[in-house]
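Asks: One structure is given below, represented as structure tokens, and several questions about it will come after.
The numbers here are math on the coordinates, done by the rules we state, and not lab data. Since the model is a prediction, treat every value here as computed from it, not as a measurement. Cβ atoms come from the backbone with ideal geometry, glycine included; neighbour counts cover every protein chain shown.
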Amino acid sequence: MPKNISWRKLVKNFKLLGFNGPYSGGKHLFMAKGQLKIHIPNKHKGDISRGLVSEILRQAGISSKDWNKL
């Protein structure tokens, strides 16, 4: 299971996985890779919880094993 992570680290890791962005898209930002769009939380103080990170990874089709290698 992924750990809590800062917003900057989340964006950096998605870029390492080939995603572009973040782009504004209404209430939340998103990152894109081809036709796949992943909504990411807005910047805020504190870390993003591991539960939310897990949900974002599930939607992106990225395994925790691959994520933890970054």
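Asks: Just check the chain against the gyration tensor rule for me: Cα atoms, a ≥ b ≥ c as the square roots of the eigenvalues, rounded for a/c under 1.5, and otherwise prolate or oblate depending on whether a/b exceeds b/c.
Replies: Working: a/c = 1.61, a/b = 1.11, b/c = 1.45.
Oblate, because a/c is 1.5 or more while a/b does not exceed b/c.
Asks: Now a separate question. Quick one: which residues, 5+ away or cross-chain, put their amide H under 5 Å from the amide H of Asn4? H built at 1.01 Å from N.
Replies: Arg50
Asks: Give the lysines whose C-alpha is closer than 20 Å to that of Lys69, dropping any in the same chain fewer than 8 places away, or say none.
Replies: Result set, ordered by chain and number: Lys3, Lys9, Lys12, Lys15, Lys33.
Asks: Rounded to whole Hz and in sequence order, give me ³J(HN,Hα) for segment 9-25 from the Karplus expression 6.51 cos²θ - 1.76 cosθ + 1.60, θ = phi - 60°, writing x for Gly and Pro.
Replies: Coupling constants for segment 9-25: 5, 4, 5, 4, 5, 5, 5, 5, 8, x, 7, 10, x, x, 10, 7, x Hz.
Asks: Quick check: pseudo-label points 7 Å beyond the Cα along Cα→Cβ at Arg50 and Ser24, how many nm apart are they?
Replies: Label-label distance for Arg50 and Ser24, simple model: 3.5 nm.
Asks: Could you give me the ³J(HN,Hα) list for segment 47-61, computed from phi with Karplus coefficients 6.51, -1.76, 1.60 and θ = phi - 60°, whole Hz, x at Gly and Pro?
Replies: My calculation for segment 47-61 gives 8, 8, 5, 5, x, 5, 4, 4, 5, 5, 5, 4, 5, 7, x Hz in order.
Asks: Rounded to the nearest 500 deg cm²/dmol, what is the calculated helix-only ellipticity per residue at 222 nm for the chain, with -39500 (n - 2.57) per DSSP H run of length n ≥ 4? Walk me through the numbers on the way to the answer.
Replies: Details: 3 runs with 26 residues, N = 70.
That comes out to -10500 deg cm²/dmol.
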